[in-house]
Amino acid sequence: MGEGRLTVRKAWIVAGGAVAAGLSFVMLLVVGVYIVAGNLANGVGGGAKNLAKGAVPAAYKDLVQKWGGLCPAINPALLAAQLYQESGFNPKAQSPAAAQGIAQFIPGTWATHGIDGDGDGDRDVWDPQDAIPSAASYDCELAKYVEDVPGDPTKNMLAAYNAGAYAVIKYGGVPPYRETQNYVKTITTLEASFAAPVGRVDPSEQAAGAIAYAQKKLGTLYLWGGDGTAEDGGRFDCSGLTKAAYESVGISLPRVANDQYNAGPHPSREELLPGDLVFFSDDLTNSRAIRHVGIYVGGGYMIDAPRTGAVIRFDPIDTPDYFGATRVTEDGAKALPTSV
C-alpha cells in the first residue's frame, strides 16, 4: 500500500510487549465501541434506495438509477442486486442455459420483453443500454400481473420472475417453492448491499470474533492467493485473511475482495465499527475494481495482509485509495452468488 506507511507500520510491528499493548488497546476499543453501538443502532433506515458509493460500475450507474425508478415495485438498489446476481455486471455473460448479457435474458424472453432502451433502432441483448432498461421493464410488467395479490408487491414481483405470475396468483403471494423463496430472500438481502443506508447500520454480532482471529495472525508473512492452509504455510493474502477471519465465526465470504464488498450494508467513514471490512481501489467509482481489503479495528486502523514481502499488521485506513466499508452480515454473505 506504499512505502510512506513504513514509520507507522514499524511503530505497530514490534516485539513482545509492544504488540501485546497494542492488542489490549484494540480489545478495549472494541468493547467500548460496541457498548455505544448497542445503545444507538436501530438498523438500516427505510426510505428511498439510492445506490451506495461505487456499488454499481460507473458505466451503468446512471442507467440503473434512472430505470430503477420505473415503477413502485422496484428501486435502483434492487435492480442493481438483480444485475449483480445474474451476471456480476458482465455484459458478455452467457450461462449454460443460454441466458445472455448483463441481465441474463433467455432468447425467448428477450424476443417478447426486450426493448430498445437507447433508441438507436435495435434491441441488443448484449448492449447494457438495452438490457438494463429491459430488465426494469420486465420487472414492472410482472408487478402489474400480480398487483392484486396480497402481500409485498416487490416480493410478489420477484416470485413471479422466478416461478411465474400464475403461481403467485394461485398461492396468494410468494409460492411455497424453496427455490422461489430463496430467490426472493437472496435479491432482497442483496438489495441492502447496493443501497446507501439512510440510518445507522446494526453492529455485527460476529465482528469481535473476526478481529480476534486476525489479531492472532499478526506478524504472519503475506502470500498471494494464501488461505492460511497448511499447504500455504499458514500464510494469507488480504482477502484470504478476511475470509478466514469471518469463517472462524461461521460466516462464509467469497474469496476475492470485490465480492466481499457486497456481503452487507455500507456504513460511512464516520460510522465505522470494529469488524467492518474496509476496501481500497484505484477506481473510486467501481466496486468491481477493488484490489485490497482489511478488517477495521478502530482508531483509524485496520489489520491487513498488505503485499508480498510484508507481514500481517496494523495499517491506517485514511489514504487516497480508501473506497468504503461493509458491515458483514450472515444473510448478506449467504445471498452472494458463488461465482459472478
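Each Lys or Arg adds one and each Asp or Glu takes one away; over the other residues whose Cβ falls under 10 Å from the Cβ of M302, this sums to -2. Each of Y261, T112, Q100 was placed along the dipole of the chain (beta-carbon charges, centred on the mean Cα), and the one lying farthest toward the positive end is Y261.
Taking only protein heavy atoms into account and a 1.4 Å probe, give the accessible area per residue of the stretch 101-250 in Å². About 46 Å² of surface per residue is accessible. For a 4.7 Å threshold on C-beta separation, the list of partnerless cysteines in the chain reads C238. The sum of -39500 (n - 2.57) across all DSSP H runs of n ≥ 4, divided by the residue count of the chain, sets its helix-only mean residue ellipticity at 222 nm to -12500 deg cm²/dmol.
Which residue fluctuates most in the GNM of the chain (Cα springs below 10 Å): G119, G299, G226? In this elastic network of the chain, the residue with the biggest mean-square fluctuation among G119, G299, G226 is G119. Here the contact order of the chain, divided by its residue count and restricted to Cα pairs under 8 Å and six or more residues apart, works out to 19 percent. Here is the list for the stretch 104-179: GluC sites (Glu not before Pro) lying in DSSP coil, each with at most 13 other C-beta atoms within 10 angstrom of its C-beta, are E147. Build a GNM of the chain with springs between Cα atoms under 10 Å apart, and of I303, I74, I169 the one that fluctuates most is I169.
DSSP beta bridges in the chain, what fraction antiparallel, as a percent rounded to 5? The antiparallel proportion sits near 95 percent.
Hey, how much of the P(r) for the chain falls beyond 32 Å, as a percent of Cα pairs?
Details: 19876 of 57630 pairs.
That fraction is 34 percent.
Between the Cα long axis of helix 58-67 and the first principal axis of the chain there is an angle of about 40°, rounded to the nearest 10. Of all lysines in the structure, those lying under 19 Å Cα to Cα from K170, and not within fewer than 8 positions of it along the same chain, are K144, K155. Between the stretch 266-340 and the stretch 98-123, the C-alpha centres lie 35 angstrom from each other. Can you figure out the FRET efficiency of A97 with K66, using R₀ = 45 Å and their beta-carbon distance, to the nearest 0.05? After rounding, the FRET efficiency stands at 0.95. Taking the protein heavy atoms of the chain in the context of the full set of protein chains, the accessible area attributed to carbon and sulfur is 54 percent at 1.4 Å. In vacuo Debye scattering of the stretch 155-299, one point per C-alpha: log10 I(q)/I(0) at q = 0.21 Å⁻¹? Each listed q corresponds, in turn, to -1.24.
For the listed residue pairs K49/K92; K185/K243; K61/K243; K216/K243, the alpha carbons are over 25 angstrom apart in K49/K92; K61/K243. Taking every protein chain into account, the 1.4 Å probe leaves S268 with about 50 Å² of accessible area, to the nearest ten.
Against the chain, whose longest principal axis comes from its Cα atoms, helix 207-216 is set at around 40 degrees.
The values are calculated or read from the model by the stated rules, or taken from the named source; none is laboratory data. None of these values were measured; they are calculated from a predicted model. Note that we place each Cβ from the backbone using ideal geometry, even for glycine, and neighbour counts take in every protein chain shown. All accessible areas refer to the heavy atoms of the entire protein, side chains included, with ligands and DNA or RNA removed. Shrake-Rupley method; radii C 1.70, N 1.55, O 1.52, S 1.80 Å.
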